[in-house]
Every structure is written in structure tokens, then in C-alpha cells.
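K.L.:
First the structure, which I've put down as C-alpha cells, then a few questions once you've had a look.
The values are calculated or read from the model by the stated rules, or taken from the named source; none is laboratory data. It should be emphasised that the depicted structure is a prediction, and the values quoted were computed from it without experimental measurement. Here Cβ is always computed from backbone atoms with ideal geometry, including for glycine, and neighbour counts include all displayed protein chains. To get the accessible areas, we keep the full protein, side chains included, count just its heavy atoms, and leave off ligands, DNA and RNA. Shrake-Rupley method; radii C 1.70, N 1.55, O 1.52, S 1.80 Å.
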Amino acid sequence: MEKINLIATTTFGLEAVVKRELMALGVDDIHASDGKIEFTGDESTIVKTNMWLRCAGRVWIKMGEFKAVTFDELFEKTKALPWGDWIPVDGKFTVVGKSVKSTLFSVSDCQAIVKKAVVEKLKQKYKVDWFDETGAEYKIQVSILKDVVTLAIDTSGSSLHKREYRADAMTAPLKESLAAAMVLLSYWRKDRILLDPFCGSGTIPIEAALIGRNIAPGLNRKFASEEWERIDPALWKQARVDAYKAINYDCELEIYGSDIDPEAIEVAKENAIKAGVDDCITFEVKPCQDIKLMGDYGVLITNPPYGERLGELKEVENLYRALGRIMADNTTWSTYLITSMEYFEKLFGRKADAKRKLFNGRIKTDYYQFYGPRPPKKQ
């Protein structure tokens, strides 16, 4: 079977996490670079990666890559690609684009030329002069970086971080994909306690519960490529059957989420119900300063306020100090925290064992990691 070239996009800093996810799914020939991971597979790989990738943005089919510094080059090289392998005669397609440090800097012109080239190629294949575009959607992306053009078709539709459980994201939401990555980058395992004392609408506790129960993140949503002629509907049906079978309903999880905002906690509870994990998360209204760490060897993972709004800074500094004191009194616990505040360690009272640059939306942050001791091995 002919191999399909694929790309999983991700936010900067999460490439290694997505690469590990792909390896766990049995994907071959993986190459990571800034913001994307390239790999190969077949139609079933498209289905499986969309269903299971927790930390990626989208899965794309890489149609081609070439250098172009003139519009003629862009047109001819785009037209040379096998668009008809994927887009049927009634396919509805749009072109989106971006250009960075390239001679062809006008994105709208590049989009128009790519659209025209694809239409010309499909006219040749289907021997028609007009396309109704009444069928499934195919979003093509033209991406130009330093004069190198990459053309790809989006298989996911809406971004993979949209799991369909989040009714209301409250203010300053943490994307589900980043929350999942924070959990996967930590030492938390399903037999350890997890606490998020700034849980907001519950994204970190819910993503941890989905990981602990082995619930596929894409189980309750639709994907653009489900409507495509080339991908057998039976592949999607089987992927969902397999995903349901893979759920570990017997797994006992001890996950806690708290927040000072009662409205946020109500939303978190609703979201947990929609995600099917409300039975393993305890949510409560509580200021961070009042949290009590139950048990030993627990893991605190959180996205606190950053003090970016006017007048919040002193309050946030005091929160970080209070959290540092609480964690200092519980030496078996580990702490994982994301913030844009560059002097966080000073307030927390301890230097991080590791930190990793991540982007929370457009905000450049550090993911601070403070390791507690590992739990003793069970006899």
C-alpha cells in the first residue's frame, strides 16, 4: 500500500510529547521540527492519529514541498501534485495560507494561485469545466517559509484540542491539548493523587482523568476526513469500537480540583459530566491558601493566574508565596506549574528541578517542575 506523508502540528515546546504519542500509536518514520512532526502511514493512520493524539493541533496530509520565488513557479508546481487522489469531483475546497521570510509574501495572492492551480489539475482529471463543490470539505494550506512551499490538506477539521466536553471555558482558558501535555510531562501516574488548586473550568483534572481511564480524546467529536470518499467509513467505525473497548472503567482515580470562583467550579462539574469522568474528580470552592494536601507522593499540576492584568500583580505574588509554603511543608509531593512570571522561583522559594518553555495561547510561559521523591515500590 502506498505510504501517505502526514504532518501533526503542535504548539512550540510540545513536539517531543507528540512524537512520543505517535510512537505509542505504532507510527513509523517520525521526524520532528519546530511546531510540527512529520510521519508516514495509510488511511487507518489518519483515523487513529485524529482519534488518539492528545497534544497535537491538527493532522495534515502533506501533498508536496518545493521552492518557489515566482507566482508562475507556485502555480506550475502546485498543479503538478496529485490533488485528484484526495479531492473528488464534487469536493468543496478552500485555501488558507501563511508566508514567513519569503519572496512570495502576499498570502491572499498565494491562496488565489494555489486554488486556481488545484482547479486546473482537477479539470484535467475529471474532464469538466465547472465544479459544483457540493460535497465534503477539503481545507488546503499553503505555507511558505524562506521560499519553501509546503502544501497540505487538513484531515481534522476543528483543532484537535476541541474535545467537545467544554461547555464554557471561562476567562483565560487553557487549551485541552496543553493541559494534557502538562499531565504527560509530569510524574503523575493513575495510582497517585492529583490536585489542581486553580482548576478554573476543570481542564487539567479532566484531561488527567481521560489519560488515567485511557479514554480517546477524539471519541465524542467529528473530523473533516470522516466525510471523505477515500477513507472507508468502516475505519472510523472500527476506531470508535476499539476506543470504547480500550477504556479502563475499573481504574480508581483520586483527582481533586479547587478554585476560589464558585461559578468556575459549577462549570468544571458540568464539563466533567460531559467528558464522562465526573465519578473520579472531586471539585470544591476553595482559595489556594486553604488547600490541604491529603496523602503522600501526590502531584500538584496547575495553571495559576499570571498577574498580567493591572492591579493583580501583588495578589498573584502572594498566591505564589503561599503555594510555596504549602508545598514546602509536604516534602513527598511534586509540583508542576505554568506561568509567564519570570521570577516565580524566587516567590515560590525553591529553584525548579526542570523548566520548559511553552506557549499558553500567545503568552510565552515556563513550565516549572519541582520533583518530590518517587513513591516506594509496592511489595
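K.L.:
Rounded to whole Å and ordered largest first, report the semi-axes of the equivalent ellipsoid of segment 301-354 derived from its Cα gyration tensor (root of 5λ).
P.N.:
Details: eigenvalues 77, 26, 18 Å².
Gyration-tensor ellipsoid for segment 301-354: 20, 11, 10 Å.
K.L.:
For the residue pair R20 and E317, what label-to-label distance in nm results when each label sits 7 Å from Cα along the Cα-to-beta-carbon direction?
P.N.:
Taking the simple label geometry, R20 and E317 are separated by 3.5 nm.
K.L.:
May I pose another question? Among W86, A354, I255, whose Cα projects farthest towards the positive end of the dipole of the chain, with charges put on the beta-carbon of Lys, Arg (+1) and Asp, Glu (-1)?
P.N.:
A354
K.L.:
How much length, in nm to one decimal, is gained on full extension between V148 and A167, taken as 0.36 nm per residue of separation minus their Cα-Cα distance?
P.N.:
2.8 nm
K.L.:
Any of K139/K222; K36/K139; K98/K222; K19/K115 with alpha carbons more than 20 Å apart? Name them for me. Provide the component values of the computation, followed by the final result.
P.N.:
Values: K139/K222 15 Å; K36/K139 18 Å; K98/K222 26 Å; K19/K115 32 Å.
Over 20 Å Cα-Cα: K98/K222; K19/K115.
K.L.:
Spin-label point model (7 Å from Cα, Cβ direction): what's the K3 to E137 distance in nm?
P.N.:
It is 3.1 nm.
K.L.:
Something else now. What percentage of the solvent-accessible surface of the chain, computed with a 1.4 Å probe over protein heavy atoms, is contributed by carbon and sulfur atoms? Let's see the in-between values first.
P.N.:
Numbers: 9350 of 18320 Å².
So the carbon and sulfur contribution to the accessible surface is 51 percent.
K.L.:
Roughly how many whole Å is it from the C-alpha centroid of segment 67-115 to that of segment 24-61?
P.N.:
23 Å
K.L.:
Compute a Gaussian network model of the chain, connecting alpha carbons closer than 10 Å, and tell me which residue from V183, V118, V107 fluctuates the most.
P.N.:
Checking each option, the largest mean-square fluctuation is seen for V107.
K.L.:
Right, here's the next one. Let me know the charge dipole size of the chain about its Cα centre in debye, to the nearest 20, where only the beta-carbon of Lys, Arg (+1) and Asp, Glu (-1) is charged.
P.N.:
820 debye
K.L.:
Here's a follow-up. Let's see if you can work this out: charge +1 on each Lys and Arg Cβ, -1 on each Asp and Glu Cβ, no other charges. What is the dipole magnitude of segment 1-63 about its Cα centre, in debye to the nearest 20? Write out the running numbers ahead of the final one.
P.N.:
Numbers: 8 positive and 9 negative charges, 46 e Å.
The dipole magnitude comes to about 220 debye.
K.L.:
Additional query: So which of K79/K237; K48/K162; K274/K364 end up more than 27 Å apart by C-alpha?
P.N.:
Over 27 Å Cα-Cα: K79/K237; K274/K364.
K.L.:
Could you check what % of the DSSP bridge pairs in the chain are antiparallel, to the nearest 5?
P.N.:
Beta bridges within the chain, antiparallel portion: roughly 65 percent.
K.L.:
Please go through the residue pairs K67/K121; K92/K245; K245/K286 and name each one whose alpha carbons sit more than 28 Å apart in this structure.
P.N.:
K92/K245; K245/K286
K.L.:
While we're looking at this one, here's another question. Could you work out the mean projected area of the convex hull around the alpha carbons of the chain, in square nanometres to one decimal?
P.N.:
For the chain, the mean projected area of the Cα convex hull comes to 21.2 nm².
K.L.:
Rolling a 1.4 Å sphere over the protein heavy atoms, what is the accessible area per residue of segment 9-167, to the nearest Å²?
P.N.:
45 Å²
K.L.:
Which of the aspartates and glutamates could a cross-linker span from K314 if the Cα-Cα distance has to be under 15 Å and same-chain partners fewer than 8 positions apart are dropped?
P.N.:
Cross-link targets: E342.
K.L.:
Moving to a separate point now. Under a plain spin-label model, where a point goes 7 Å from the Cα along Cα-to-Cβ, how far apart in nm are K125 and K92?
P.N.:
Output for this residue pair reads 1.9 nm.
K.L.:
Also, quick follow-up: With the contact rule set at Cα under 8 Å and sequence spacing of 6 or more, what percent relative contact order holds for segment 96-234?
P.N.:
Over segment 96-234, the number comes to 24 percent.
K.L.:
Percent relative contact order of segment 162-308, based on C-alpha pairs within less than 8 angstrom and at least six residues apart?
P.N.:
Across segment 162-308, relative contact order equals 37 percent.
K.L.:
With +1 on the Cβ of every Lys and Arg and -1 on the Cβ of every Asp and Glu, and nothing else charged, how large is the dipole of segment 32-105 about its Cα centre, in debye rounded to the nearest 20?
P.N.:
360 debye
K.L.:
Considering the options A181, P205, I215, tell which one lies farthest towards the positive end of the dipole of segment 176-216, charges being +1 on Lys and Arg and -1 on Asp and Glu at the Cβ, about the Cα centre.
P.N.:
The one lying farthest along the dipole's positive direction is I215.
K.L.:
Continuing with the same structure: Give me the percent relative contact order of segment 331-379, please, defined on Cα pairs under 8 angstrom at least 6 residues apart.
P.N.:
Relative contact order comes out at 49 percent.
K.L.:
Between F12 and A328, how high is the FRET efficiency from 1/(1 + (r/R0)^6) when r is the Cβ-Cβ distance and R₀ = 35 Å? Nearest 0.05.
P.N.:
It comes to 0.65.
K.L.:
Give, as ranges by residue number, the residues of segment 255-281 whose backbone N falls under 19 Å from the point 7 Å along Cα→Cβ of R309.
P.N.:
258-268
K.L.:
How big is the gap, in Å, between the Cα center of segment 253-270 and the Cα center of segment 218-244?
P.N.:
With segment 253-270 and segment 218-244 each reduced to a Cα centre, they are spaced 32 Å.
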